[in-house]
1. Of 70, 31, how do they rank once you tally other Cβ atoms within 10 Å and put the fewest first?
2. How far is helix 113-123 tilted off the main Cα axis of the chain, in degrees rounded to 10, range 0 to 90?
3. Which residues in region 170-206 have a backbone N closer than 15 Å to a point placed 7 Å from the Cα of residue 29 along the Cα-to-Cβ line?
4. Could you list 101, 158 so that the one with the fewest beta carbons within 10 Å of its beta carbon is first and the one with the most is last?
5. Using a Förster radius of 45 Å, what is the FRET efficiency between residue 57 and residue 84 based on their Cβ-Cβ separation? Nearest 0.05, please.
6. To the nearest 10 degrees, how steeply does helix 87-111 sit against the main Cα axis of the chain, on a 0 to 90 scale?
7. Working from Cα positions, state the angle (0 to 90°, nearest 10) between the long axis of helix 138-155 and the longest principal axis of the chain.
8. If you average the sequence gap of Cα pairs under 8 Å that are 6 or more apart and divide by the length of the chain, what percent do you get for the contact order?
């Protein structure tokens, strides 16, 4: 592999995600779950700005993590290599382990106020659609990759398994945030295995008992296993966002980047109280 291969792979991934976002956006127009309102128009600029910023920072984080995967693979390091499993079972276990690392990290972002401050940027969107997917603070990207890096170091996944997980979770993220209408039975069936739109919409609720459920990124197994699962049927009529952050001046790109660092009076409560609304 040439030195610039991981970087070029990252650019190709970004191009693929942009293309997929456009496809999903077209689907939202054709079969929307909710009619587009003011916030669907107003959140577009800040959401796209944060998405582009995330692309710009994550390409370097992804290159670094992929480099770690390749380095560990070249040295035969990691639990999966020590177990000498066949390629397919090892890949399945690697994908599951990486997904669990996200679940555990995601739960921590809701449990600890210092982490919630950054994750609140994602949850503060008053409308949820495909553009919400990568609406996140740059620090959250660092937290995501730190969680994956820890799991990568423990299990030593193959580069192929790592690439598959990253692609699958990114594409699934677009779908689970999409403002798409689907038969409830279909979403319920699909959510037996993975996280699908109605299931994930529950997680974006303003109601704490709903927000603190359905943390899964790719598989719904973790929520079911650890008692944080809420059925899909509750995701069809959710009030999105966070109380106290609906004002237009709180929803600009600059305000969202500053949100984790704002003074207590600007948030309407201190950071701990803001986290406790979803704790």
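Each reported figure results from applying straightforward, stated rules to the coordinates on display, with no laboratory input. All of these numbers come straight from a predicted model, not from anything done at the bench. Reconstructed Cβ throughout: ideal geometry from the backbone, glycine too, with neighbour counts over all protein chains shown.
1. Fewest-to-most Cβ neighbours within 10 Å comes out as 31, 70.
2. Between helix and principal axis, roughly 70 degrees.
3. 179
4. Fewest-to-most ranking of 101, 158: 158, 101.
5. Efficiency at R0 = 45 Å is approximately 0.75.
6. Approximately 30 degrees, to the nearest 10.
7. Tilt relative to the chain: about 30 degrees.
8. 25 percent
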